[in-house]
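**Q** Below is a structure I'd like to ask you about.
The values are calculated or read from the model by the stated rules, or taken from the named source; none is laboratory data. Every value quoted in this text rests on a predicted model; they were computed, and no experiment measured them. As a convention, Cβ positions derive from the backbone with ideal geometry for all residues, glycine included, and neighbour counts pool all protein chains shown.
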Amino acid sequence: MTDLHAITAISPIDGRYYALTEDLAADFSEYGLIRARVRVEVEWLLFLAERPEIADVRAFTEMEQVFLRHLVAEFDPAQAERVKEIEATTRHDVKAVEYYLRERLAGTTLADAREFIHFCCTSEDINNLAYGLMLQGGIRDKWLPRAHQLADRVADVAGVLRDQPMLARTHGQPASPTTLGKEMAVFVHRWRRQLAQLERAEYLGKFSGTVGNYHTHSVAYPDAPWEDLARAFVERLGLTWNPLTTQIEAHDWIAELAHGLIRFNTITLDFDQDVWTYISLGYFKQKVVRHEVGSSTMPHKVNPINFENSEANLGVSNALLSHLATKLPVSRLQRDLTDSSALRNVGTAVAHSSLAIQSALRGIGLLEVSPDALRRDLEDAWEVLAEPIQTVMRRVGIEGAYEQLKELTRGAGITREAIQEFVRGLDIPAADKERLLALTPSTYLGLAPQLVKHVQSA
């Protein structure tokens, strides 16, 4: 039976495709955001209790520390609903988290520490770290492994097809032959460059109060080394400290991350379109899945729907990421709230990309190479040998070599016999003539098979 929420959801990420994006919900949903806020608030209270400079927060016992961290570990959607109930009264989402934690500590040995929940914090101190944790978890733990899976799977395909000759096409027209494996390897190399950059991405955070100047901190504890404390706390969460901000962390790092994802998405879209074209040319066939329907009226259809689905979702992802990359780093003076609503879409952007990767992977799993179709195209393209012939002619000093081959082949259907007759009439060294006569479109591959080594494991 279809889940009612899934069938009534406005977003296809939370509806039609939820089964494929559910793993990201723990990071990017409203629940995920609230949970990340709870984690930051709890860790800040624990941090204060550990610092001798903050004398008014006593050291917590081991059991009290376990209890506090258990509040994060056990935090589930039901607990998030309680926070939302409080928010309905406060009309402030971060303050609702503070009141929720005060509620959880009431009646415990930690009741005396409740005034230090959210101590010296502005909401953005909590929010920016929460989003940093959410993006770090969603990208590093979920998206990146899936993206690597795509690159590795296509690398395997490249290895299998490294020697499979294929007619290349530039401007859609026959060009110097290549191998199907080498063309797959090009995408792997491009993906892996972007993935290496995304793996080095910094996830920044600030913790400096209302306009980034540690106002309340320096009044409450004037002798405390607040910059050092803020840095230690941000790094304790696994994020990179930003020392100079307004009320908000400027989000430049999110823009950088978005641009990295856009580049990976764009390469994937290019891959989808190329594979779609190879399928239309008959170079790949698609395995038939029993009971699936390709057309409501044409029974024979086996459509490349996985690559089309991937392409569509990449477009949506890039549109969102592009907006976030240009909007988030812009904030009026020391703070405005436009970033707050925009940030809630980061998970949607990542989810559409993740969905696209999964669609491409499914499509790859249904591909079967068709050597006969590849061979037929090559056998019909003897004109591509004009390139090596005119190059040898130029090397040995024959004038007008290019023009002679242009006259022979441009726009004309050239047969094997015509090419070989032309070669036999050339006044060139016997070894060169023998080598040219032995060439066929299927063997004129240059170093294409060897180039696949650049994406193969050592």
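**Q** Ala130 - would you say it is under 13 Å from Gln456 (Cβ atoms) and either modelled with pLDDT under 95 or among the hydrophobic types (A, V, I, L, M, F, W, C) (or both)?
**A** Details: under 13 Å from Gln456 (Cβ atoms): no; either modelled with pLDDT under 95 or among the hydrophobic types (A, V, I, L, M, F, W, C) (or both): yes.
Against the criterion (under 13 Å from Gln456 (Cβ atoms) and either modelled with pLDDT under 95 or among the hydrophobic types (A, V, I, L, M, F, W, C) (or both)), Ala130 does not qualify.
**Q** Tell me, which residue of segment 1-53 that is within 21 Å of Ala342 (Cα to Cα) and of a type in the set (Lys, Arg) is surrounded by the fewest Cβ atoms within 10 Å (Cβ to Cβ)?
**A** For segment 1-53, the residue satisfying everything is Arg35.
**Q** Looking at segment 73-92, can you tell me whether even one residue there is touching a residue at least 40 places away in the same chain (Cβ under 8 Å), outside any helix (DSSP H, G or I) and of a type in the set (Phe, Trp, Tyr)?
**A** Looking through segment 73-92, at least one residue is touching a residue at least 40 places away in the same chain (Cβ under 8 Å), outside any helix (DSSP H, G or I) and of a type in the set (Phe, Trp, Tyr).
**Q** For the structure I just gave you, tell me whether Val186 is farther than 23 Å from Gly446 by Cβ, without any contact (Cβ under 8 Å) to a residue 12 or more places away in the chain, among the aliphatic types (A, V, I, L, M) and part of a helix (DSSP H, G or I). Explain how you work it out, then say what you get.
**A** Numbers: farther than 23 Å from Gly446 by Cβ: no; without any contact (Cβ under 8 Å) to a residue 12 or more places away in the chain: yes; among the aliphatic types (A, V, I, L, M): yes; part of a helix (DSSP H, G or I): yes.
In short, no.
**Q** Could I ask something else about it? In the same structural domain as Glu311 (by TED's automatic domain parsing), within 30 Å of Asp372 (Cβ to Cβ), free of Cβ contacts under 8 Å to residues at least 60 places away in the same chain and hydroxyl-bearing (Ser, Thr, Tyr) - does that describe any residue in segment 241-260?
**A** no
Okay, residues lined up against (1) in contact with a helix residue (DSSP H, G or I) (Cβ under 7 Å, 6 or more places away or on another chain); (2) modelled with pLDDT under 95; (3) in the same structural domain as Thr21 (by TED's automatic domain parsing); (4) surrounded by 15 or more Cβ atoms within 10 Å (Cβ to Cβ):
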position: Arg102; (1), (2), (3), (4): yes, no, yes, yes
position: Pro145; (1), (2), (3), (4): no, no, no, no
position: Leu161; (1), (2), (3), (4): yes, no, no, yes
position: Gln164; (1), (2), (3), (4): yes, no, no, yes
position: Met184; (1), (2), (3), (4): yes, no, no, yes
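**Q** Filter segment 54-66 for residues that are assigned to a helix (DSSP H, G or I) and exposed (fewer than 15 other Cβ atoms within 10 Å of the Cβ) and give the result. Don't jump to the end; show me each part of the working.
**A** Taking segment 54-66 as the starting set, the residues that turn out to be assigned to a helix (DSSP H, G or I) are 62-66.
Correct list: Glu62, Met63, Val66.
**Q** Consider Arg69 carefully, then state whether it is out of contact with any strand residue (DSSP E or B) (no Cβ under 6 Å at 6 or more places or on another chain), closer than 27 Å to Ile248 by Cα and in a helix (DSSP H, G or I). Show your work before the answer.
**A** Numbers: out of contact with any strand residue (DSSP E or B) (no Cβ under 6 Å at 6 or more places or on another chain): yes; closer than 27 Å to Ile248 by Cα: yes; in a helix (DSSP H, G or I): yes.
Taking the combined requirement at face value, the residue satisfies it.
**Q** Just the residues that are over 30 Å from Gln358 (Cβ atoms), small (Gly, Ala, Ser) and assigned to a helix (DSSP H, G or I), please, taken from segment 93-143.
**A** Selection gives Ala96, Ala111, Ala113, Ser123.
**Q** Among the residues in segment 233-244, are any at pLDDT 95 or above, surrounded by 14 or more Cβ atoms within 10 Å (Cβ to Cβ), part of a helix (DSSP H, G or I) and in contact with a Gly (Cβ under 7 Å, 6 or more places away or on another chain)?
**A** Yes - at least one qualifying residue is present in segment 233-244.
**Q** Of everything in segment 71-84, what is over 15 Å from Leu105 (Cα atoms), among the charged types (D, E, K, R) and surrounded by 11 or more Cβ atoms within 10 Å (Cβ to Cβ)? Give them in sequence order.
**A** Step one: filter segment 71-84 for residues over 15 Å from Leu105 (Cα atoms), giving 73, 76-78, 80-81, 84.
Then keep just the ones that are among the charged types (D, E, K, R); that gives 76, 81, 84.
Within segment 71-84, Glu81, Lys84 qualify.
**Q** While we're on this one: For the subset of segment 154-176 comprising residues that are in a strand (DSSP E or B) and free of Cβ contacts under 8 Å to residues at least 24 places away in the same chain, which member is nearest to Lys406 (Cα to Cα)? Show your work before the answer.
**A** Filtering segment 154-176 down to residues in a strand (DSSP E or B) leaves 165-170, 173-176.
From what's left, free of Cβ contacts under 8 Å to residues at least 24 places away in the same chain: 168-170, 173.
On the way: Ala168: 19, Arg169: 18, Thr170: 17, Gln173: 15 Å.
Looking at residues that are in a strand (DSSP E or B) and free of Cβ contacts under 8 Å to residues at least 24 places away in the same chain, I get Gln173.
**Q** Return the total of residues in segment 379-435 being more than 50 Å from the chain's Cα centre (by Cα) and either modelled with pLDDT under 90 or at positive phi (or both).
**A** Qualifying residue count for the region: 2.
**Q** Which one is surrounded by the fewest Cβ atoms within 10 Å (Cβ to Cβ) among residues in segment 327-343 that are in contact (Cβ under 8 Å) with a residue 12 or more places away in the chain and under 30 Å from Glu22 (Cβ atoms)?
**A** Let us first name the residues in segment 327-343 that are in contact (Cβ under 8 Å) with a residue 12 or more places away in the chain, namely 327-329, 331, 333-335, 339-340, 342-343.
Filter once more, keeping what is under 30 Å from Glu22 (Cβ atoms): 327-328, 339-340, 342-343.
Working: Lys327: 17, Leu328: 22, Asp339: 24, Ser340: 13, Ala342: 16, Leu343: 21.
Among those residues, the one meeting the criterion is Ser340.
**Q** Same structure, new question: Given the residues Asp252, Asp272, which is the only one that is within 25 Å of the chain's Cα centre (by Cα), within 30 Å of Leu20 (Cβ to Cβ) and modelled with pLDDT of 95 or more? Break it down into steps so the answer makes sense when it comes.
**A** Numbers: Asp252 fails: within 30 Å of Leu20 (Cβ to Cβ).
Only one candidate qualifies: Asp272.
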